[in-house]
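Only one structure is covered here, and it is reproduced in the block below.
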Amino acid sequence: MALYTIQPVKVPQVDTKYRKIRTALPVPESIPIIEQLRKYEPQSMQGQPPLIWDRAEGFQVFDKWGNMWLDWSSGVLITNAGHAHPKIIRALQSQLNQKLISSYVFYHEKRAELVKLLAEKAPQGLDKVFLLTTGSEATENAIKLARTYGIKKGGKEKHIIVSFHNAFHGRTLGAQLAGGIPALKEWIVNVDHGFVQVPFPDGFFQEDTSFDVFLRTLDSLGVEAKNVAGVITESYQGGGPFFMPKAYAQQLETFCRENDALMIYDEVQAGFGRTGKWFAFEHYGVTPDLIACGKGISSSLPLAAVIGRSDVMELYAPGSMTSTHSGSPLPVASAVANLLALEEEKLVENAAELEAVLMQGLNKIQKKHPAQVGFVSGKGLVAGLQIVKPGTKEGDGATAQKINEACFHKGLLMFAPVGAGGMCIKISPPLSITEEALQEGIGVLDEACDEVLK
Ligand code: PMP
């Protein structure tokens, strides 16, 4: 990943309704803070845009020095309801006033409210909810449940977890075994051969999107379908966003049903309205057995969840599937307020409606630079541009970084490019963004692309 320079650059001043840039960037006064972070944190934490967040509200981010960015990051797809949503702030203040900020291993009332809300949001039959803290924990837990279910139903042979090339499910051991990026697994050395990966039908890198590829790959890996305990997939792969064809997802569901394998959808990134539906798997017309949730579940504090079929969720005896911070009162209060805000303010609908505006704008940009913008995709309020070496599918991370940085200088904020070699400019504003602000952002990206790709 390319690093942002922390040498201040004089940039043109910006002063619009949604963006204000009044200083050199990075702000000279912010450099000591960035240097302190770089000194005490591992370099793995570098690669973040060089600004110091002071306040974030709605779809804007502010620093202390008078700059204001239009946010197209939502942190990292966290703040679906918008930054510092007033209802979430009020819920947190009220929780603090109540003087209950930690309770596990004891019950509290808000936890009861949240698990009910989540179960009601999930498809029928998925009526148990286990609260956790991070997305990685949620995917780990789903994998563990699938294996536990498999060996209970089919004996030890039925333990295979199938996942996809290029998949990302988190950075802990189990999550990375299921991940589909080989470089991230080198540290594991003795990989568990019970984890296998098949090509993801993204329609860009993998042109053959037929379900046959899934079956043929399992066959070539010597995996018998009856031994599959579970299949885990992101509802869309983050480096795109890349979606499966609907027919593929439905055939995958049939495969899982026929082989009594659990279908796990990792909705950590895709859930809670991001794609214009509560859960992104709804676009496929399928019903998972387990859903892993995180990020947008609270639009703020760390919270994750596994929502699933009760026969699967009940596999562990009382006291044997727990976590210290499960259902911690503050994250829970923020999640309840978040879910209500998303619903009451029709933010999922807003994401669905603005999809056309966003995609039209991005397609126009691609038309101007067809050799370098290799692929454009998106749904709801998540989208991406793949920046490639002219006329190829080979990623050009350096150019993507330049576009990202140019946007940053103009007051449009995105996290660093993602995907293979950092080739993907990822767009994910809070779902509360207005059409006018979205259009302004598209204009800025267009200008940045013109400058960098000229
Ligand atoms: N699954 C997906 C699809 C994700 O995007 C992420 C985070 N980027 C995770 C799992 C891991 O979540 P966390 O960083 O909260 O552990």
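Brief remarks follow.
- Residue ranges 427-436, 298-307 sort as 298-307, 427-436 when ordered by packing (mean number of other C-beta atoms within 10 Å per residue, highest first).
- GLU120-ALA371 pseudo-label distance in nm [points 7 Å out on the Cα-to-Cβ vector]: 5.7
- Label zone at TYR316 (point 7 Å along Cα-to-Cβ), backbone N below 15 Å, segment 94-125: 105
- Between GLN43 and PHE106, the contour length at 0.36 nm per residue exceeds the alpha carbon distance by 18.8 nm.
- When each of ASP127, ASP396 is scored by the number of other beta-carbon atoms lying within 10 Å, the sequence from fewest to most is ASP127, ASP396.
- Radius 14 Å from Cβ of THR23, net charge of other residues (Lys, Arg +1; Asp, Glu -1): +2
- Where labels lie 7 Å past Cα in the beta-carbon direction, separation of ILE31 and THR434 in nm: 3.8
- Between ASP54 and ILE6, full extension at 0.36 nm per residue minus the direct alpha carbon distance yields a gain of 15.5 nm.
- Over 28 Å between alpha carbons, listed pairs LYS295/LYS368; LYS110/LYS153; LYS64/LYS367; LYS64/LYS295; LYS110/LYS346; LYS346/LYS393: LYS295/LYS368; LYS110/LYS153; LYS64/LYS367; LYS346/LYS393
- Ranked SER235, SER320, criterion: other C-beta atoms within 10 Å, fewest first: SER320, SER235
- Paramagnetic label zone (point 7 Å from Cα along Cα-to-C-beta, MET359; backbone N under 13 Å) in segment 384-398: 384
- Inter-probe distance in nm under a simple model that places probes 7 Å from Cα toward Cβ, at GLN13 and THR392: 4.4
- Counting Lys and Arg as +1 and Asp and Glu as -1 over every other residue whose Cβ lies under 10 Å from the Cβ of VAL14, the net charge comes to +3.
- Rounded, prolate or oblate (a/c below 1.5 giving rounded, otherwise prolate when a/b exceeds b/c) for the chain by Cα gyration tensor: oblate
- Calculated FRET value between SER94 and GLU343, using beta carbons and R₀ = 30 Å, to 0.05: 0.95
- For segment 331-414, applying the loop criterion from DSSP together with a ceiling of 16 other beta carbons within 10 Å to the trypsin sites (Lys or Arg not before Pro) yields LYS346, LYS393.
- Distant-in-sequence amide contacts of GLN60, defined by a placed amide H-H separation under 5 Å and a gap of 5 or more residues or a different chain, comprise ASP71, HIS83.
- Backbone N under 17 Å from the GLU186 label point (7 Å along Cα→Cβ), restricted to segment 46-76: none
- Net charge contributed by nearby residues that have their C-beta within less than 11 Å of SER310 (K/R +1, D/E -1): -2
- Cβ crowding within 10 Å, taken as a proxy for footprinting-reagent exposure, orders SER30, SER323, SER94 from fewest neighbours to most as SER94, SER323, SER30.
- Kyte-Doolittle mean at least -1.0 and Cα axial length at least 20 Å: DSSP H helices in the chain: 135-154, 329-344, 347-368, 435-453
The numbers here are math on the coordinates, done by the rules we state, and not lab data. Because the structure is predicted, anything quoted here is derived from the model rather than measured. Note that each Cβ is placed from the backbone with ideal geometry, even for glycine, and that neighbours are counted across all protein chains shown.
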